[in-house]
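Participant: One structure, as structure tokens, below. Some questions next.
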Amino acid sequence: MVLMTLGREDLLRTKLFALCDRGSDWVDCLAMCPSSEELDDALAWVADQDAHPGWPDHVRATLVELRQRLGYGI
């Protein structure tokens, strides 16, 4: 039996999607302490995960708030 897990990039993307989708993953996203570059890299993937026309703007706004909570300044 082989056990496989998500790497940091995929785990961060799924946590960011969950944060944007249900708003209940703040603790996990903050604990991962993603760099500004990691957030930039994940943005396009998360923004493409929902067909609602307002989803990309919601994702961007959520990541702006996450950046602020991480102390990155905007």
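The values are calculated or read from the model by the stated rules, or taken from the named source; none is laboratory data. Treat the numbers as computed from the prediction; the structure is a model and nothing was measured. Note: ideal-geometry Cβ built from the backbone for every residue, glycine included; neighbour counts use all protein chains shown. Quick note on the areas: whole protein, heavy atoms, side chains included, nothing else; ligands and nucleic acids left out. Shrake-Rupley method; radii C 1.70, N 1.55, O 1.52, S 1.80 Å.
Participant: When the range 48-60 is examined, which residues are found to be part of a loop (DSSP other than H, G, I, E, B), within 20 Å of Pro34 (Cα to Cα) and without any contact (Cβ under 8 Å) to a residue 12 or more places away in the chain?
Facilitator: Within the range 48-60, Asp48 is the sole residue that qualifies.
Participant: Now, a different point. For the range 61-74, name all the residues that are part of a helix (DSSP H, G or I) and either surrounded by 14 or more Cβ atoms within 10 Å (Cβ to Cβ) or in contact with an Asp or Glu (Cβ under 6 Å, 6 or more places away or on another chain) (or both).
Facilitator: Of everything in the range 61-74, those that are part of a helix (DSSP H, G or I) and either surrounded by 14 or more Cβ atoms within 10 Å (Cβ to Cβ) or in contact with an Asp or Glu (Cβ under 6 Å, 6 or more places away or on another chain) (or both) turn out to be Thr62, Leu63, Leu66, Arg67.
Participant: Still on this structure: Quick one: in the range 19-74, of everything that is out of contact with any helix residue (DSSP H, G or I) (no Cβ under 8 Å at 6 or more places or on another chain) and among the polar types (S, T, N, Q), which residue is nearest to Gly7 (Cα to Cα)?
Facilitator: Once the filter is applied, the top-ranked residue is Ser35.
Participant: So, in the range 16-34, how many residues would count as being in contact with an Asp or Glu (Cβ under 9 Å, 6 or more places away or on another chain) and either open to solvent by 50 Å² or more (accessible area, probe 1.4 Å) or small (Gly, Ala, Ser) (or both)?
Facilitator: The total comes to 3.
Participant: Applying the selection to the range 18-40, what residues are in contact (Cβ under 8 Å) with a residue 12 or more places away in the chain, under 11 Å from Leu63 (Cβ atoms), under 10 Å from the mean Cα position of the chain (by Cα) and part of a helix (DSSP H, G or I)?
Facilitator: Once the filter is applied, which keeps residues that are in contact (Cβ under 8 Å) with a residue 12 or more places away in the chain, under 11 Å from Leu63 (Cβ atoms), under 10 Å from the mean Cα position of the chain (by Cα) and part of a helix (DSSP H, G or I), the range 18-40 yields Leu19, Cys20, Cys29, Glu38, Leu39.
Participant: Can you spot a residue in the range 10-30 that is small (Gly, Ala, Ser), out of contact with any strand residue (DSSP E or B) (no Cβ under 7 Å at 6 or more places or on another chain) and modelled with pLDDT under 95?
Facilitator: yes
Participant: If a residue has to be exposed (fewer than 14 other Cβ atoms within 10 Å of the Cβ) and among the charged types (D, E, K, R) to count, how many in the range 47-59 make the cut?
Facilitator: Qualifying residue count for the region: 2.
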